[in-house]
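Asks: Take this structure, written in structure tokens, and hold onto it; I'll ask about it next.
The values are calculated or read from the model by the stated rules, or taken from the named source; none is laboratory data. Because the structure is a prediction, the values reported are computed rather than measured. Glycine also receives a Cβ, built like all others from the backbone with ideal geometry; neighbour counts cover every protein chain displayed. Surface areas here come from the heavy atoms of the whole protein model, side chains and all, with no ligands, DNA or RNA. Shrake-Rupley method; radii C 1.70, N 1.55, O 1.52, S 1.80 Å.
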Amino acid sequence: MDTRGDCIRVVHPLFQVEGSGSTPTSPLQLNVGQISVKQACRLNELWHSRFPRIEESNIVRNRRSACFGAEFEGVFFACAIWSDPIAANRLKDGDKLLELRRMAIADDAPRNTATRMLKIMALLIRKKWPELVGLVSYQDVEVHHGTIYKAGGWKQETTATLTDWTTATRKRATAQSTAPKVRWRFDL
């Protein structure tokens, strides 16, 4: 593993101290906390299987947004990006929800990292925004089975087909995936 100062997986590259070099064997060893949007976007680009691209401006322009990282001995193993739901106007209580926009896990992360991270992030989000009533996330059915949500106590709400967001006045980028998506919800 690269431990040079310019490696984006290194938590504090200017002050990196050589650790034991070990890889965590349990998600309980990971420390989960907030990270910058820029860092989360860069880590997502490294690890996300389907949606590596996400614009920083699409996160920070929301009323609420938060990014999280999971690290062990100064090296990141997972990241997640949350914001107000993209289609809040189409969801019941959409203005009182937070959407998991991206979650990406490194190949060398311990098994069950995603489910543990979901639990910790829900606790941190509830503390930060007590007015929220729930969390939502979308699973791409072509590459995921929803296992992390089932294990974390999330409820499957619906399956949605692709909706093209291009309009006569606003051209959108080409969709990164055209597969159906399952919407999951976790009540806070």
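Asks: Is it the case that some residue within the stretch 94-105 is at pLDDT 95 or above and open to solvent by 80 Å² or more (accessible area, probe 1.4 Å)?
Replies: Checked the stretch 94-105: at least one residue is at pLDDT 95 or above and open to solvent by 80 Å² or more (accessible area, probe 1.4 Å).
Asks: Restricting the search to the stretch 23-42, which residues are open to solvent by 60 Å² or more (accessible area, probe 1.4 Å), free of Cβ contacts under 8 Å to residues at least 60 places away in the same chain and touching an Asp or Glu at 6+ places or on another chain (Cβ under 7 Å)?
Replies: N31, K38
Asks: Of the residues Y149, Y138, only one is among the aromatic types (F, W, Y) and part of a strand (DSSP E or B); which?
Replies: One residue alone meets the criteria, Y138.
Asks: Still on this structure, please answer the following. Is it true that some residue in the stretch 76-87 is open to solvent by less than 30 Å² (accessible area, probe 1.4 Å) and modelled with pLDDT under 95?
Replies: Looking through the stretch 76-87, at least one residue is open to solvent by less than 30 Å² (accessible area, probe 1.4 Å) and modelled with pLDDT under 95.
Asks: If you take the residues in the stretch 107-135 that are among the β-branched types (V, I, T) and in contact with a helix residue (DSSP H, G or I) (Cβ under 9 Å, 6 or more places away or on another chain), which one is farthest from Q29 (Cα to Cα)?
Replies: Per the stated criteria, the residue is V133.
Asks: Here is a follow-up. I'm told R116 meets every condition in (1) in contact with a strand residue (DSSP E or B) (Cβ under 6 Å, 6 or more places away or on another chain); (2) open to solvent by 30 Å² or more (accessible area, probe 1.4 Å); (3) closer than 17 Å to K155 by Cα except one. Can you identify the failing condition by its number?
Replies: So R116 meets the others, but not (1).
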